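A.B. asks: My questions will all concern the structure given below.
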Amino acid sequence: MITASYGSGSPVTLVAHGLGATPGEARIPASGLPGTRVVVTLPSHGTAPDAPEGYWDYGTIAADLGTVSASHAVGVSLGAGALVRLMSLEPDRFSRVALLLPAVLDQPRPAFTLQQLSDLTVGPPIYVAERRAALSRLEAAAAQLPGQVAVADASALAAVSTSVLVIGAVGDPLHPEDVAKSTAAAFPRGDLWLIDSASPMITHRNEIRHRLVAFFGG
C-alpha cells in the first residue's frame with residue numbers, strides 16, 4: 001500500500017478506495033474535506049506494486065489502513081469493509097467515519113466477476129479504458145473476496161462510539177441497499193443516506209461531496 005497526502009493541518013482523514021478504483025476515483029471522496037487527506041492506494045492499483053499472494057482479506061487490508069494515523073476516515077466499497085473491520089478491533093480509533101457503498105457486513109460476500117465490474121463502468125471512453133486496465137490486475141481479488149465478511153458478528157460494532165455516516169445505493173447489484181441499512185444499524189451513532197441511484201458516485205457526485213464536507217466539518 002502507498003499513500004499520498006493533500007492539504008495540511010487537522011483533522012487528518014484517511015481515504016480508502018474501492019476495488020478497481022483508478023487514481024482519480026480514489027481521490028474523489030477527499031475532495032473539499034478540511035485539513036489533511038491521506039489517500040491510500042492498495043496493492044494492484046495505480047502505481048502500487050501487485051498484491052502479494054493471499055493479500056485480499058479484509059483483515060489484511062484493515063491492518064494496512066491501521067498504519068495511517070488519522071482521526072477521520074472515509075472508505076468506498078472494499079475500503080468501507082476494511083474500515084468496518086478496523087473499527088471492530090479498535091472501537092475508539094476514529095471520531096468520524098463515512099462508509100460509501102458498503103458491499104458486505106456480516107454475511108458472506110456473494111461471488112462477483114471482473115466482467116461485472118467492467119460492465120457497470122460508464123463514462124468517457126478514456127475513463128472506461130483506464131478502469132478496465134485497472135481491473136485487469138485484480139483476478140486474485142475477485143477469487144479471494146467472495147465468501148468473506150467484514151466482521152463475523154455485527155454486534156462487535158456496538159462498542160464503537162464513532163459518528164458513522166453510511167451512504168448506500170438503490171439498485172446496485174454489487175452494493176445492496178440491505179447491506180447499507182444493516183451497516184448503519186450496527187453502529188450506535190450510525191446514520192444512513194440511501195440514494196435512489198444505482199451509480200450515485202456518478203449521478204450524485206456533487207451531493208455526496210457536500211454531504212461529506214458537512215459531515216466531516218462537524
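The values are calculated or read from the model by the stated rules, or taken from the named source; none is laboratory data. Just so it is clear, the structure is predicted and the values come from calculations on it, not from any experiment. Cβ coordinates were reconstructed from backbone atoms using ideal geometry, including for glycine residues, and neighbour counts include every protein chain displayed. Just so you know, the surface numbers come from the protein's heavy atoms only, side chains and all, with ligands and any DNA or RNA stripped out. Shrake-Rupley method; radii C 1.70, N 1.55, O 1.52, S 1.80 Å.
A.B. asks: Of all the residues that make up the range 127-159, how many are modelled with pLDDT under 90 and within 18 Å of GLY79 (Cβ to Cβ)?
C.D. replies: 3
A.B. asks: Another question about this same structure. Please list, ordered by residue number, the helices (runs of 4 or more DSSP H) wholly in the range 107-149 having 1 or more residues that are β-branched (Val, Ile, Thr), open to solvent by less than 80 Å² (accessible area, probe 1.4 Å) and without any contact (Cβ under 8 Å) to a residue 24 or more places away in the chain.
C.D. replies: Passing ranges, in order: 125-135.
A.B. asks: Can you report the number of residues in the range 191-218 which are surrounded by fewer than 21 Cβ atoms within 10 Å (Cβ to Cβ), touching a strand residue (DSSP E or B) at 6+ places or on another chain (Cβ under 9 Å) and closer than 26 Å to LEU89 by Cα?
C.D. replies: Adding up the residues that qualify gives 5.
A.B. asks: Of the conditions (1) surrounded by 15 or more Cβ atoms within 10 Å (Cβ to Cβ); (2) in contact with a helix residue (DSSP H, G or I) (Cβ under 9 Å, 6 or more places away or on another chain); (3) polar (S, T, N, Q); (4) farther than 11 Å from LEU99 by Cβ, THR183 clears all except one; give me its number.
C.D. replies: It fails just one condition, (4).
A.B. asks: So for the range 152-164 (the condition being closer than 20 Å to PRO34 by Cα, open to solvent by 10 Å² or more (accessible area, probe 1.4 Å) and free of Cβ contacts under 8 Å to residues at least 40 places away in the same chain), does at least one residue qualify?
C.D. replies: There is no residue in the range 152-164 that is closer than 20 Å to PRO34 by Cα, open to solvent by 10 Å² or more (accessible area, probe 1.4 Å) and free of Cβ contacts under 8 Å to residues at least 40 places away in the same chain.
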